[in-house]
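Heads up: the structure comes next, in structure tokens.
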Amino acid sequence: MKVVIVETGAEWDSFVRASEGATAYHCFGWRAVLARSFGHPSHYLAAIDDSGEWRGILPLVHMRSRLFGNFIVSLPFVNYGGLLCDDEGAAALLLHEAERIRRSCGATHVELRHVARRLANLPTKQHKVTMVLELASSAEDQWKAFDPKLRNQIRKAQRSGLQFRRGHMDLVDAFYEVFARNMRDLGTPVYSKEFFRNVLETFPDSTATMAVLHEGQIICAGIASWFKGRLEVPWASSIKDYKTLCPNHMLYWEAIRFSIEHGFREFDFGRSTPNEGTYNFKKQWGALPIQLNWQYLTDEHAQLPELNPSNPKYRAAIGIWQRLPVSVTKFLGPLIVRNIP
């Protein structure tokens, strides 16, 4: 068996589609999305046996900056990644090559964003969960499964005159205005609009933009992506001034209805920190937490990375960011966030 660097996507995606445990982010198109959006080099590794059969893959993206460090992630900016294989020999070879690449480029660590904990001998962080709702067979049955409080919040959005719209590239500009404003309010640097354009252009048949309007203005919006029976909304935001109208409830209810109509089995609300606000919002829909296991190749006894807003050393920067004009954050944000995985 050997490990090779893959430069084209046909065989790669064929392996991904046939593999249990594959996610949308294992698809080869993400290599181009991340390169075009952020400029990071990548190493897409495949383990192939002596008969030419693919036994495993590992997509790696190399990130390096003076401010945030030198490291490799599978995959940055998204919820999932890591090894995709069920062959222990292939897994060992892929990890060995990933460690060789880490050392050759002087990276402090390789971060593998696994769902199931595959590798008991690797340092692991379990600070996040993903929230997944198993969908009913019909929208009517799903509605009945919700508790009365949730149904009342959805009805409130409908009675408030809010309207739902689903589109694609036509709603990107409006989505980005809401997203950028919300990220500013959270104190988080925002991605460039081109990142979202690249996602939609690369996966035109498995993505959609969804929006909620109040008096003709978009006040809540998200981008949905689906793969192998599961729909995910990895990016969603709303304008907090309209919170009492429950626009988020309309957005997610319509996204769930869309999922059921298209025969999807699961609705993925995305990752959260247990017992925080977004976790509780997702839990009320009946979504159950699934432990995420971020595992690391690094030097022995090395400290695991803490590039997240809860790190106390970023608290002052967050406070400053929240006071900046949105127009400034849309200019500066992409320059900063491209190096934060």
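Here are the numbers for this structure:
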read-out	value
Residue satisfying all of: in the range 159-174; touching a residue at least 60 places away in the same chain (Cβ under 8 Å) and within 16 Å of residue 210 (Cα to Cα); least open to solvent (accessible area, probe 1.4 Å) among these	162
Close pairs (6 angstrom Cβ cut-off, 6 or more residues apart or separate chains): under 15 Å from residue 220 (Cβ atoms) in the range 178-196, of a type in the set (Val, Ile, Thr) and at pLDDT below 90 anywhere	180/326; 181/326
Members of the range 190-230 that are open to solvent by 30 Å² or more (accessible area, probe 1.4 Å), under 18 Å from residue 338 (Cβ atoms) and of a type outside the set (Ser, Thr, Tyr)	193, 194, 197
Any hit, the range 242-259, residues being under 22 Å from residue 205 (Cβ atoms), among the aromatic types (Phe, Trp, Tyr) and either open to solvent by less than 30 Å² (accessible area, probe 1.4 Å) or more than 18 Å from the chain's Cα centre (by Cα) (or both)	yes
The range 20-55, residues that are touching a His at 6+ places or on another chain (Cβ under 8 Å) and in contact (Cβ under 8 Å) with a residue 40 or more places away in the chain	34, 40, 43
Residues satisfying the stated conditions in the range 1-55, i.e. among the polar types (S, T, N, Q) and either closer than 21 Å to residue 95 by Cβ or crowded, with 18+ Cβ neighbours inside 10 Å (or both)	19, 23, 37, 42
Residue list for the range 260-280, restricted to those being assigned to a helix (DSSP H, G or I) and more than 17 Å from residue 145 (Cβ to Cβ)	277, 278, 279, 280
Criterion: basic (Lys, Arg) and either at positive phi or touching a Phe, Trp or Tyr at 6+ places or on another chain (Cβ under 7 Å) (or both) - qualifying residue of 36, 31, 55	31
The range 231-256 residues that are of a type in the set (Phe, Trp, Tyr), paired with ones that are part of a strand (DSSP E or B) and open to solvent by 20 Å² or more (accessible area, probe 1.4 Å) (beta carbon under 9 Å, 6 or more apart)	242/214; 252/236; 253/164
In the range 56-86, the residues that are closer than 18 Å to residue 105 by Cβ, open to solvent by less than 30 Å² (accessible area, probe 1.4 Å) and either free of Cβ contacts under 8 Å to residues at least 24 places away in the same chain or hydrophobic (A, V, I, L, M, F, W, C) (or both)	58, 60, 61, 63, 71, 72, 73, 75
Selection from the range 159-175 of residues that are under 15 Å from residue 254 (Cβ atoms) and modelled with pLDDT of 95 or more	162, 163, 164, 165, 166, 167, 171, 175
Neighbours by Cβ (under 6 Å, 6+ apart or cross-chain): first from the range 205-217, within 13 Å of residue 262 (Cβ to Cβ); second buried (at least 19 other Cβ atoms within 10 Å of the Cβ) and of a type in the set (Phe, Trp, Tyr)	206/226
Residue match in the range 238-259 (condition: touching a Cys at 6+ places or on another chain (Cβ under 7 Å) and assigned to a strand (DSSP E or B))	yes
Identity of the residue in the range 124-151, over 22 Å from the mean Cα position of the chain (by Cα) and outside any helix (DSSP H, G or I), that ends up surrounded by the most Cβ atoms within 10 Å (Cβ to Cβ)	146
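The values are calculated or read from the model by the stated rules, or taken from the named source; none is laboratory data. Everything quoted here is computed from the prediction, not taken from an experiment. Because the Cβ atoms are built from the backbone with ideal geometry, glycine has one as well, and the counts that use them run over all protein chains shown. What goes into the accessible areas is simple: the full protein's heavy atoms, side chains included, and nothing from ligands, DNA or RNA. Shrake-Rupley method; radii C 1.70, N 1.55, O 1.52, S 1.80 Å.
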